[in-house]
Amino acid sequence: MNILILPGDGIGPEIVAVADAALQALDRRLSIGLKLDHQVAGLAALQRVGTTLPEEVAAKARDADGVVLGPASTEDYPLDQRAGINISAWFRSHFDLYANIRPSKIRAGVPGHVPEMDLIIVRENTEGFYADRNMVVGTGEFMPTPDLALAVGKATTEGCRRIAVAAFELAMRRTKRVTAVHKANVLRHYSGLFLKQVDAVAKEYPSVKVEKVIVDAMAALLVRSPEKFDVVVTTNMFGDILSDEAAELAGGLGLAASLNVGDRHAIAQAAHGSAPDIAGKNRANPVAIVNSTAMLLDHLGAKHKDGQLKKAARLLTEKADQLLISKITRTPDLGGSCTTNEFGDALVNSIVGA
Ligand code: ATP
């Protein structure tokens, strides 16, 4: 299994090093046949070769079975489009990674803001109100006059259908409940198209219970009774916002894992950003990227019907969760004093000694 490792910017190199070491430890322990290829993208690549995404790195990503990608400090990228390619957006659109899977759960020992929660947000990843990627030519955001700004939201029948399928498939492997989050009371056509596809796909999964919730109500319900939700499917921007809310309820962005999946490619990428305020300080929480990497292994295990990869995925999340129980192995964002490196060492020891 070929995995490309791209550390990214800010805290990326520190946290991705932990995921990388964990993959190597899993391979030693379970002989899962991993071939890890280490390349650079982002500001390090810009410095070396003048672009944040060199062509050969993009080609390697295309050939790999999966990618572990660190966060990007896109605000520091040059405006020139070739030099300052937004890596994350590029992969999502060029590899058609239409499903962004973002789990959030309350874990033993971790100080969260709600007593109970174990849900997965399935966020559409290629359409919506993301102005920089929803047009073939030009952008979806424009200003006809200095005092008028307009933004276009994109929803297609196929885009809505395939994200609904991803959610229902996931629900079949969990508790067979899907919540579709929308704003069809205002965005009658945009959210309406989404709901129409959810209804159409639901007919193919009669054993799955479906409910529909308006996005503003959902923001409140997530705080009030998150335990009531299991698989939550929604369009791009609603998913972005609600998943950050869910991550915060579960203990913070440092735990926010995510997998970007398309029909051919999959990229593990933490839901948080490059956290420049703590970059280089050895205090970033690597759990989000570690659990994203576990999601990638699980996805590849299911895709290739490889039980060992699925076992490796389970072991990795189990070991990371176990370390979080003790304050000694929690990073400062979770009230501990463990460094990123120390967490990595503890994780590797725990995997190898398992
Ligand atoms: P982006 O716009 O790129 O998503 P952002 O503006 O949302 O980034 P982040 O980089 O995600 O911001 O950081 C938000 C806050 O969360 C910062 O205070 C940062 O230090 C903290 N944070 C993010 N990721 C982690 C992590 N892995 N460990 C500890 N703290 C983190």
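Scan segment 127-153 residue by residue and report those that are within 13 Å of Tyr98 (Cα to Cα) and touching a strand residue (DSSP E or B) at 6+ places or on another chain (Cβ under 7 Å). Glu127, Gly128, Asn134 - these are the residues of segment 127-153 that are within 13 Å of Tyr98 (Cα to Cα) and touching a strand residue (DSSP E or B) at 6+ places or on another chain (Cβ under 7 Å). Filter segment 269-290 down to the residues that are surrounded by 19 or more Cβ atoms within 10 Å (Cβ to Cβ) and closer than 15 Å to Ala21 by Cβ, then identify the one that is farthest from the ligand (Cβ to nearest atom). Only one residue fits best here, namely Val290. Does Glu141 satisfy the condition of being open to solvent by less than 70 Å² (accessible area, probe 1.4 Å) and among the acidic types (Asp, Glu)? Answer is no for this residue.
Answer yes or no as to whether Ala312 is at pLDDT 95 or above, surrounded by 20 or more Cβ atoms within 10 Å (Cβ to Cβ) and within 16 Å of the ligand (Cβ to nearest atom). So Ala312 fails the test.
Does Val57 qualify as being open to solvent by 50 Å² or more (accessible area, probe 1.4 Å), more than 16 Å from the ligand (Cβ to nearest atom) and over 23 Å from Asn282 (Cβ atoms)? So Val57 does not fit the description; no. Every test in (1) closer than 21 Å to Pro286 by Cα; (2) open to solvent by 50 Å² or more (accessible area, probe 1.4 Å); (3) of a type in the set (S, T, N, Q) is passed by Asn2 save one, and that test is (1). When Leu296, Leu347, Leu300 are checked against the criterion of being within 16 Å of the ligand (Cβ to nearest atom) and surrounded by 16 or more Cβ atoms within 10 Å (Cβ to Cβ), Leu347 stands alone in meeting it.
Residues that are open to solvent by less than 50 Å² (accessible area, probe 1.4 Å) number at least 3 in the following strands (runs of 3 or more DSSP E) confined to segment 148-228: 177-182.
The values are calculated or read from the model by the stated rules, or taken from the named source; none is laboratory data. These figures come from a predicted structure and were not determined experimentally. Because the Cβ atoms are built from the backbone with ideal geometry, glycine has one as well, and the counts that use them run over all protein chains shown. Side chains included, ligands, DNA and RNA excluded: accessible areas come from the protein's heavy atoms. Shrake-Rupley method; radii C 1.70, N 1.55, O 1.52, S 1.80 Å.
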